[in-house]
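Some notes on the structure that comes next.
Just so you know, all these numbers are worked out from the coordinates, no wet-lab data involved. On a predicted model such as this, the values are computed, not experimentally measured, just so you know. Please note: Cβ atoms are built from the backbone with ideal geometry, for glycine as well, and neighbour counts cover all protein chains shown.
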Amino acid sequence: MPNDSPYKAALQKLFRTRLVARLDDLRQALKRQSRTTILHALRAVGYLTSYSHAGRYYTLERIPQFDPKGLWRYRQIGFSSRGTLRATLIHLVETSPAGQTHTELQDLLHLRVHDT
């Protein structure tokens, strides 16, 4: 990527008006189609992907206000300070005194939890 600053400025502008964005929103804001270029630009400013919706939503690391379990929801979209759903599940189970049942995890994460 030849010059990060225009991308950083475009991302900052986009995320001033919204808390989360999809890849198409990012493509439009950065005026680039390449997913790789967009991910490089996001990496330069720090970002998270949603653990819900198959990771289709992005936010900047500075935006979420995580709860004590490291979770943040915006509308129906879930984000975790641990990043991925798998890492989040492992953390929740390992830090719970008695572990977590599927039902407890589903209630906490607001999505169906498979055998992971």
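Of the residues in region 1-42, how many are outside any helix (DSSP H, G or I) and in contact with a helix residue (DSSP H, G or I) (Cβ under 8 Å, 6 or more places away or on another chain)? Spell out the reasoning first.
First pass over region 1-42, keeping only residues outside any helix (DSSP H, G or I): 1-3, 18-22, 31-34.
Still in the running and in contact with a helix residue (DSSP H, G or I) (Cβ under 8 Å, 6 or more places away or on another chain): 1, 18, 21, 31-33.
Residues meeting the conditions: 6.
Mind listing just one residue for me: the one in region 68-84 that is basic (Lys, Arg) and surrounded by 11 or more Cβ atoms within 10 Å (Cβ to Cβ) and, of those, nearest to Arg43 (Cα to Cα)?
Just the residues of region 68-84 that are basic (Lys, Arg), to begin with: 69, 73, 75, 82.
Still in the list and also surrounded by 11 or more Cβ atoms within 10 Å (Cβ to Cβ): 69, 73, 82.
Working: Lys69: 24, Arg73: 21, Arg82: 16 Å.
Here the answer is Arg82.
Kindly list the number of the only condition in (1) without any contact (Cβ under 8 Å) to a residue 24 or more places away in the chain; (2) in contact with a helix residue (DSSP H, G or I) (Cβ under 7 Å, 6 or more places away or on another chain); (3) within 23 Å of Val20 (Cα to Cα); (4) surrounded by 13 or more Cβ atoms within 10 Å (Cβ to Cβ) that fails for Arg112.
Going through (1) without any contact (Cβ under 8 Å) to a residue 24 or more places away in the chain; (2) in contact with a helix residue (DSSP H, G or I) (Cβ under 7 Å, 6 or more places away or on another chain); (3) within 23 Å of Val20 (Cα to Cα); (4) surrounded by 13 or more Cβ atoms within 10 Å (Cβ to Cβ) one by one, Arg112 breaks only (4).
Within region 85-109, how many residues turn out to be among the hydroxyl-bearing types (Ser, Thr, Tyr), touching a residue at least 12 places away in the same chain (Cβ under 8 Å) and surrounded by fewer than 14 Cβ atoms within 10 Å (Cβ to Cβ)?
So the answer is 0.
In this structure, is Ser52 surrounded by fewer than 19 Cβ atoms within 10 Å (Cβ to Cβ), in contact (Cβ under 8 Å) with a residue 12 or more places away in the chain and among the small types (Gly, Ala, Ser)? Please lay out each step first, then the result.
Values: surrounded by fewer than 19 Cβ atoms within 10 Å (Cβ to Cβ): yes; in contact (Cβ under 8 Å) with a residue 12 or more places away in the chain: yes; among the small types (Gly, Ala, Ser): yes.
In short, yes.
Could you grab me the full set of residues in region 82-97 that are farther than 14 Å from Leu108 by Cβ and touching a Leu at 6+ places or on another chain (Cβ under 9 Å)?
Gly83
From (1) buried (at least 17 other Cβ atoms within 10 Å of the Cβ); (2) at negative phi, pick out the condition that doesn't hold for Arg27.
Of the numbered conditions (1) buried (at least 17 other Cβ atoms within 10 Å of the Cβ); (2) at negative phi, the odd one out for Arg27 is (1).
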